[in-house]
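What follows is one structure encoded as structure tokens, with my remarks underneath.
No lab work stands behind these numbers, since they all come straight from the coordinates. None of these values were measured; they are calculated from a predicted model. With ideal geometry, Cβ positions are generated from the backbone for all residues, glycine too; neighbour counts draw on all protein chains shown.
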Amino acid sequence: MASLETWIGLRYLRAKKRNGFMSIISAVSIAGIALGVITLIVVLSVMNGFQREIRNQLLSIAPHAELGYYQNSDDRHWQDLQKLVQGNKQVLGSAPYVADQALLANGGEVRGVQIRGIDPAIESNVVDYEKDISPDGFKGLKPGEFDIILGKGLAEALGANIGDKITVITPDGNVTPAGMVPRLKQFTLVGILYTKIFEVDNSLAMTHIADAQKLYRLGNAVSGVRLKLADPQEAPSIIHKIVPGNLQSQIWINDWTYQNRSYFDAVQIEKRMLFIILLLIIAVAAFNLVSSLVMAVTEKQADIAILRTLGMSPAGIMRIFIIQGAVAGFMGTLIGVILGVTLALNVGKIVALIEDLVGRRLITSQIYFVDYMPSYIKVSDVCVIAFAALLLSFLATIYPSWRAAKTQPAEALRYE
């Protein structure tokens, strides 16, 4: 059974003819809180959606983890590194690679890149982008023929087409009587990679691992071994269990979260800042709630005085208006959560409908990596937003309620 304070607080929320304006103010406060909650849920869900889509695309083209020797020598083979992960259920595949810096030149255009030497026969064990390479995927790379595959953006920047000769300039040169002369090698462009990820398409160059070893004078050594994990989200915890403790001083290992940390850290900072900025919408609605409660206290001076005369304590008076404000905050939060989750679940369909109406694409894959509006609702985000809205609503009730509790019956009834 509800207490007297609860019953009175709920009754004050209902409008009457003589205080209809108060009801409008309360409704605006509830609508403001709901609008703030809706905005926060939708914006964070869209950010989560974009982050998940970019992460999934990144994991389809980037190795989940890499390991290698700190110092390579003739008695250290990459096959020994593969043996470390054999039988590990968390590792789905592995492949050796060579990576080093170079300059590519064609038709007067020069671009700095990272040359990646791969084994075409087993590279698909660790990456999924062979289908994005035209015309023949990894099959175009043949050992000894010095073939090369370039990202689409890089090929366009160099003005190169399939069959063109690309000049590769390595950082280590040849010593001649005339001094240090850069080492040059002609490679034939046999494939173009298009992943829709700007950084990859504008910087990646791949050749056969045997040709990369000759180019950089590595002999049979490699830069390391790349791994594909069953659960890349758990990469940091998985990789620490791969290398035995007695070999950790000889073998290095890192994962995709370390290699792309700057990007995901930037996304997290942006998400936090947006949360704080959009939370101000709820704070403004909470100030509206303060205004409505202050006006309610002023209007109910006579009622408060009568309740005090009948024996209600100041704490009881305070609880009446706290309940009134808290219920308004709860209603706004509940409406906001329901509408926000519903809108976030359907934001992709809504954007597609708007695109059909205006006759143009609002989301293009050239800019956003995807051609639709992604959305991913995290329960934790919704809970934090709801808690923040309820907390701000409760804090907004304290001052008006305290002011109501300080009302003196004699002063309030003097002019009644």
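Would you please classify the overall shape of the range 64-258 from the alpha carbon gyration tensor, given that a ≥ b ≥ c denote the square roots of the eigenvalues, rounded means a/c under 1.5, and beyond that prolate means a/b larger than b/c while oblate covers the rest? Verdict is oblate for the range 64-258. Remark: the Tyr263-Arg52 segment gains 74.7 nm on full extension, using 0.36 nm per residue and subtracting the alpha carbon distance.
Please figure out what share of the DSSP beta bridges in the range 101-248 is antiparallel and state it in percent, rounded to the nearest 5. Walk me through the intermediate numbers first.
Numbers: 23 of 33 bridges.
Antiparallel: roughly 70 percent of the beta bridges in the range 101-248.
Provide the gained length on full extension for the span Lys83 to Ser249, in nm with one decimal, where the gain is 0.36 nm per separating residue minus the Cα-Cα distance.
Extending this stretch completely gives an extra 58.0 nm.
Given the Cα-Cα distance of Ser203 and Lys139 and 0.36 nm per residue of separation, how much length would full extension add, in nm? Please list the in-between numbers first.
Numbers: separation 64, 0.36 × 64 = 23.04 nm, distance 2.08 nm.
Full extension from Ser203 to Lys139 adds 21.0 nm.
With r as the distance between the Cβ atoms of Ile338 and Tyr399 and R0 = 22 Å, compute the FRET efficiency 1/(1 + (r/R0)^6) and round to 0.05.
Numbers: r = 29 Å, r/R0 = 1.33.
E(calc), rounded to 0.05, equals 0.15.
Magnitude of the charge dipole for the range 64-258, about its Cα centre and with charges confined to Cβ atoms of Lys, Arg (+1) and Asp, Glu (-1), is about 220 debye.
Length, then width, then depth: along the principal axes, the Cα atoms of the range 50-171 run 48, 43, 25 Å. Each Lys or Arg adds one and each Asp or Glu takes one away; over the other residues whose Cβ falls under 14 Å from the Cβ of Lys185, this sums to -1.
With a sphere of radius 13 Å drawn around the Cβ of Leu150, what net charge do the other residues whose Cβ falls strictly inside it have (Lys, Arg +1; Asp, Glu -1)? Charge balance near Leu150 sits at -2. Note on Ser26, Ser291: ascending count of other Cβ atoms within 10 Å places them as Ser291, Ser26, the fewest first. Label separation (Leu280 vs Tyr376): 2.9 nm, computed from points 7 Å beyond Cα along the C-beta direction. Legend: ranking of residues Ile209, Ile238, Ile115, Ile24 from fewest to most surrounding C-beta atoms inside 10 Å; resulting order Ile24, Ile238, Ile115, Ile209.
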